[in-house]
1. Which one is surrounded by the fewest Cβ atoms within 10 Å (Cβ to Cβ), of the residues in the stretch 40-82 that are within 22 Å of the chain's Cα centre (by Cα) and among the aliphatic types (A, V, I, L, M)?
2. Can you find, within the stretch 23-39, the residue that is modelled with the lowest pLDDT among those that are loosely packed, with under 10 Cβ neighbours inside 10 Å and of a type in the set (A, V, I, L, M, F, W, C)?
Amino acid sequence: MVHREDIEEMKCNGITGVSHRLLCYNEPAVAVRVGTVDMEFQYSKYFGNAPSTGYETLLHDCLVGDATLFQRADNVEAGWGVVEPILEVWKGLPPKGVPLYQAGSWGPAEADDLLAREGRHWRNPA
């Protein structure tokens, strides 16, 4: 019997590469023979070095003057121009039916009640 985990296995190794294992191939010139095929890609082998982190890319773009990853000031201002009126209205209207709680607490009692309805509870490590 073939199990799903035997058919396909994929591993993503952070930013260093990807490996993939497949079951089910037919070897050429042989009667039906099933086995696995490993496909592996490593950045360092293909490109000669590991990929840059996001910060390296961002700093490099700053140094060479490439602004494609950055928002222009007028674009940011336009975005806030849309959002700020909404935030001002929300500030003036207290939320209805939305339980509030102190930052750093375990949340409102309503969260406990929600789980208790189905006989469940939050795990509190304290």
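The values are calculated or read from the model by the stated rules, or taken from the named source; none is laboratory data. Note that the coordinates shown come from a computational prediction; the quantities given were computed from them, not determined experimentally. Ideal geometry is used to build each Cβ from the backbone, glycine not excepted, and the neighbour counts take in all protein chains shown.
1. Among residues in the stretch 40-82 that are within 22 Å of the chain's Cα centre (by Cα) and among the aliphatic types (A, V, I, L, M), the one surrounded by the fewest Cβ atoms within 10 Å (Cβ to Cβ) is LEU69.
2. Once the filter is applied, the top-ranked residue is VAL30.
This table checks each residue for (1) over 30 Å from ASP113 (Cβ atoms); (2) of a type in the set (Lys, Arg); (3) at pLDDT 85 or above; (4) touching a helix residue (DSSP H, G or I) at 6+ places or on another chain (Cβ under 6 Å).
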position: ASN49; (1), (2), (3), (4): yes, no, no, no
position: GLY79; (1), (2), (3), (4): yes, no, yes, no
position: VAL89; (1), (2), (3), (4): no, no, yes, no
position: LYS96; (1), (2), (3), (4): no, yes, no, no
